[in-house]
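Worksheet: the structure to be examined is printed underneath.
The values are calculated or read from the model by the stated rules, or taken from the named source; none is laboratory data. For clarity, every value in this text was computed on a predicted model and none was experimentally measured. For neighbour counting, all protein chains shown are included, and Cβ atoms are generated from backbone atoms with ideal geometry for every residue, glycine included. Surface areas here come from the heavy atoms of the whole protein model, side chains and all, with no ligands, DNA or RNA. Shrake-Rupley method; radii C 1.70, N 1.55, O 1.52, S 1.80 Å.
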2 protein chains.
Amino acid sequence: MSVPTLFDISLDRHGESPLYQQIKRHIITLIEDGALPPLTRLPATRQLARHLGVNRITVVTAYAELNAEDYISSQVGRGSFVLDRAAQRSAQSPPPPSLRDPADWSAHQFNREMMRLARRADILSFAPGMPATDLLPVEAYRRALNQVLRAAGSQVLQYGPVEGDPALLQAITAELRRFEIQARPQRLLVTSGAEQALALVLRTILRRGDHVLLENPTYLHVIDLLASSGIVVHLVRSDAGGICLDHVARLIQMHRPRLLYLTPTFQNPTGVCMPLARRQQLVELAARHNLLILEDDVYRHLWLGTPPPPPLRALSPADNVIYVNGYSKCLLPGARIGYLLAPTALYANLSAAHQTLDIAAGELQQRALATYLHEGQFARHLQHVRAAHRQRLQAMNEALLAHMPADTKWSLPTGGVFTWVQLPSTGPSATTVYVHALELGVTFAPGHLFYAAGSSDSHHLRLNFALHPPAAIHDGIRRLARAWANARG
Amino acid sequence: MSVPTLFDISLDRHGESPLYQQIKRHIITLIEDGALPPLTRLPATRQLARHLGVNRITVVTAYAELNAEDYISSQVGRGSFVLDRAAQRSAQSPPPPSLRDPADWSAHQFNREMMRLARRADILSFAPGMPATDLLPVEAYRRALNQVLRAAGSQVLQYGPVEGDPALLQAITAELRRFEIQARPQRLLVTSGAEQALALVLRTILRRGDHVLLENPTYLHVIDLLASSGIVVHLVRSDAGGICLDHVARLIQMHRPRLLYLTPTFQNPTGVCMPLARRQQLVELAARHNLLILEDDVYRHLWLGTPPPPPLRALSPADNVIYVNGYSKCLLPGARIGYLLAPTALYANLSAAHQTLDIAAGELQQRALATYLHEGQFARHLQHVRAAHRQRLQAMNEALLAHMPADTKWSLPTGGVFTWVQLPSTGPSATTVYVHALELGVTFAPGHLFYAAGSSDSHHLRLNFALHPPAAIHDGIRRLARAWANARG
């Protein structure tokens, strides 16, 4: 591996400052400018020394000081990784007030890395928000694909209707009725996953200078979508029942925001499900102040005990809720099928933008999904998934109890796929543990990634409890606990 | 059908101006403001009269005057349609200089309408740019899907790698080598159709105020993508060998454009294929002036006699060509699989934007396509398609000769799917013929849609010669000729 050009450090070999100091200062600048995001691996000392034409001890000294000052985590035989300074500093100073720097792709890069690691056989990953691969209904879907191709033949391999396949629109409408939402197919748009629906809404409805409210922490893709958009983001406090309405009301008074994005049901990353009473108060507040709600409901199907309260869209007295859902979390991520239900006043705009961007899944997969949904297989699949999820959450709870240090806290969600874990505040941060965990072949999502602004939260981590069977969960959490102990040193 | 609110005309019943005049003036305003785009159907006279509470003869008179003044085409029993005034006026006045009004969704709406009509069994459509449904390799693709699902199982229904399935990236790299393009898979991005690749490039690389060169006429989706973008568009003259290089050179001197978009091989809508010598001159000119080229090569596979010259990307001395291709025109529109090959300097930007927008086909279809391509079926499919296309182009030529008026001219392309037809300039315009043709159950794409600025070209139309078997082509062109005669009256 060659040394990246970032490390082409021009050294003043006859100056007053020692060479190791010059190297150290250069690397601190790279870290503070975001050019080296958290968890980046630095070049090996031997490599960098050769690259710069200096003695290896010079680089070792620079790294040792960076390690001592908590810029990097550096251990012989393991390599050196950039630490999350925001998380490290948080104990002393309040979080910076601004939205995450648009130029900072660290969450983005991390997400990519997370997905890559999740596909490696030698790593047990609790990190990504995807459903368990072993629970996907492959055979049933294969039959549906064959049925559609045999019946409709080449028609479904032609360009399809941009608003979505009529059979799928009907199936979605029927499903929405079960959520107590009365929707006309003419207000629906089929998108390439729910993610695309969110991108479509945020980029079509909002203008530069608009104010938007977000839960904090929240879904990190939305943070990315709003970066560099010129949109002013305000972060809403949350508690065990979801976002705090008094805070929403105060932000409405102060900023007249145009839109609130939230996941009221089994939130990502906290797993919280907002109770009915608060939902009702929220939709009334929003209707009164003409606040659009963008409701992300992709975890709804994944309840464990009893179904969650109806969506905000079903409860709202006004036509001001944009409802987004899809089939990636509860059924088939790879089919890339999501949808949005638009308020009447916004439909024409969203539909036109949707057409220009051609954001739609192919008709074959839409029709196959419609066939699958039509045959009542979905309800049986969900029963099967829920039973497995209950087992897996129980295994996660037992494993955390058995292996993690005594002061660790975690949520026991009533649905979704996430456990939100808080490490002991006196011990190592989540990003420090991350580096050690990776070495032991286990990964998770550090909590600070889900905060839109620099986070004061350095000790949370998100675990997907649904991804693996119970035995693997026990094994993984045992390794995680060992990583925590190693990180504490 | 109820009368749209556009026609809620507030009439001054005691004023000096007669009611029919007030109605007529209101409708002219709607037409000139673009609220009633060309080919919109007006309400029936009986309906509008009832809606406005006026005598039916009042509306009939208004429509008769609009008809006489070429605002609408109105005939008893057939309804009244808005005509394209720009096309009508062109004989007298030069075309307006500005890019098509961003607020004018008429091309957009027309495209949607075109696709809708193409799916109707009672209409024979030569309009859309899609491949022939009867030539799609449904069975082979079904087998490939089954093979992938049986071998890779649930993995391919999980979230896939955002940069594209590795097997497909390999297959594309191999195909590019056959086009004389040496590409590394690390410079490729798989997109949801070539359309998405174009959107990704235009929206990521260009900034407000950038200057861009377009062929004129060109692919109408690109005109839509550039609308409301704040990008300054300059139109390049073309001849039988593609864009005129002296005009490109002059526009470079005057405006220092950042990017040139073109389809050098079997252009849409004209079918022109740029000869090798001009390609070489163009890439040298662009390299000298640091002009990015966005090369749309989606028709390359569809040559009829001998393969076209290599792509600009293969000929360019500089790394300044963004190459876009896909499998919608030559294989499977419904799989929604396209790709782009980026210059090294642009890859990181495009890749980051690609990831934020999640513009990718699902892995299942990517892997199935890779399987299909790997097994040498593609080459056999293309032989089959080319043989059919040769037959169909011959049938189109014979039918146009046999049925259309003597002064009609048309191109005989050496590949692609389009014949570019010029009606006699002394006869009715293409949009006028369109309305009559629809009545006879046949449609085409009026030529003015493909011009970025108001067009001086009212007598061209685009026919997809590949869509139907020879007998249907003869039948359709016979009806088209009858529509022309009806339009002449």
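Overview of results
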quantity: In degrees, nearest ten, helix B:56-68 long axis to first principal axis of chain B (Cα); calculated: 60
quantity: DSSP-defined antiparallel bridges as percent of all bridges, chain A, nearest 5; calculated: 60
quantity: Label-point separation in nm, B:A402 to B:D70, each point 7 Å along Cα→Cβ; calculated: 3.4
quantity: Residues B:N349 and B:D475, FRET efficiency given R0 of 45 Å [Cβ-Cβ distance, rounded to 0.05]; calculated: 0.35
quantity: Isotropic mean projected area of the C-alpha convex hull, chain A (nm²); calculated: 24.9
quantity: Per-residue mean of C-beta atoms belonging to partner chains within 10 Å, peptide B:153-165; calculated: 6
quantity: Per-residue mean of C-beta atoms belonging to partner chains within 10 Å, peptide B:323-332; calculated: 1
quantity: Cα-based equivalent ellipsoid, segment A:5-83: semi-axes from gyration tensor eigenvalues, Å; calculated: 18, 14, 12
quantity: Residues listed by number, segment A:272-303, amide nitrogen under 20 Å from A:R237 label point at 7 Å toward C-beta; calculated: A:272-275, A:278-279, A:281-283, A:285-286
quantity: 0 to 90° range, to nearest 10: angle between helix A:344-357 axis and chain A longest Cα axis; calculated: 60
quantity: Folded to 0 to 90 degrees: helix B:19-32 orientation relative to chain B principal axis, Cα; calculated: 10
quantity: Segment B:268-374 - charge dipole about Cα centre, Lys and Arg +1 at Cβ, Asp and Glu -1, debye rounded to 20; calculated: 240
quantity: Taking segment B:234-343 and dividing mean pair separation by its residue count, relative contact order in percent (alpha carbons under 8 Å, at least six apart); calculated: 22
quantity: In Å², nearest 10: area of B:S425 left accessible to a 1.4 Å probe; calculated: 100
quantity: Extension gain, A:L11 back to A:R482 (0.36 nm per residue minus Cα-Cα distance, nm); calculated: 165.5 nm
quantity: Neighbourhood charge, 12 Å Cβ-Cβ cut-off, centred on A:I231 and excluding it, Lys, Arg +1 and Asp, Glu -1; calculated: +3
quantity: Part-to-part distance (alpha-carbon centres) for segment A:156-198 and segment B:221-280, which is given in Å; calculated: 38
quantity: Nearest-20 debye value, segment B:5-83 charge dipole, Cβ charges on Lys, Arg, Asp, Glu; calculated: 440
quantity: Solvent exposure of chain B as accessible area per residue, Å², 1.4 Å probe; calculated: 39
quantity: Farthest toward positive dipole pole in the protein assembly as shown [+1 Lys/Arg, -1 Asp/Glu at C-beta], among A:L226, A:L39, A:L292; calculated: A:L39
quantity: Inter-site label distance for A:H384 and B:R256 at 7 Å from Cα along Cβ, in nm; calculated: 6.3
quantity: Projected label distance in nm at A:T29 and A:T306, using a 7 Å step from Cα toward the beta-carbon; calculated: 6.2
quantity: Rounded accessible area of B:H468 (nearest 10 Å², 1.4 Å probe); calculated: 40
quantity: Cβ crowding within 10 Å averaged over residues, with B:172-182, A:185-195, B:262-272, A:155-165 ranked highest first; calculated: B:262-272, A:185-195, A:155-165, B:172-182
quantity: Two-decimal ratio, the protein assembly as shown, of alpha-carbon radius of gyration to 2.2 N^0.38 Å; calculated: 1.02
quantity: Charge sum, other residues only, whose C-beta stays under 13 Å from B:R479's C-beta, Lys/Arg counted +1 and Asp/Glu -1; calculated: -1
quantity: Contact order normalised by residue count of chain A, Cα under 8 Å, 6+ apart, percent; calculated: 20
quantity: Order by protection proxy (mean Cβ within 10 Å, highest first), peptides B:4-16, B:344-356; calculated: B:344-356, B:4-16
quantity: Mean-position separation - Cα centroids, segment A:1-63 and segment A:111-125, in angstrom; calculated: 29
quantity: Qualifying GluC sites (Glu not before Pro) in segment B:19-84, DSSP loop, other Cβ atoms within 10 Å at most 16; calculated: B:E69
quantity: Average partner coverage of B:114-120, which counts Cβ from other chains inside 10 Å; calculated: 2
quantity: Peptide ranges A:314-323, B:50-59 listed from the most packed, as the mean C-beta count within 10 angstrom indicates; calculated: A:314-323, B:50-59
quantity: Environment charge of A:R187, counting only residues whose C-beta is closer than 12 Å and scoring Lys/Arg +1, Asp/Glu -1; calculated: 0
quantity: For the protein assembly as shown, calculated [θ]222 nm from helices alone, where every DSSP H run of n ≥ 4 adds -39500 (n - 2.57); calculated: -13500 deg cm²/dmol
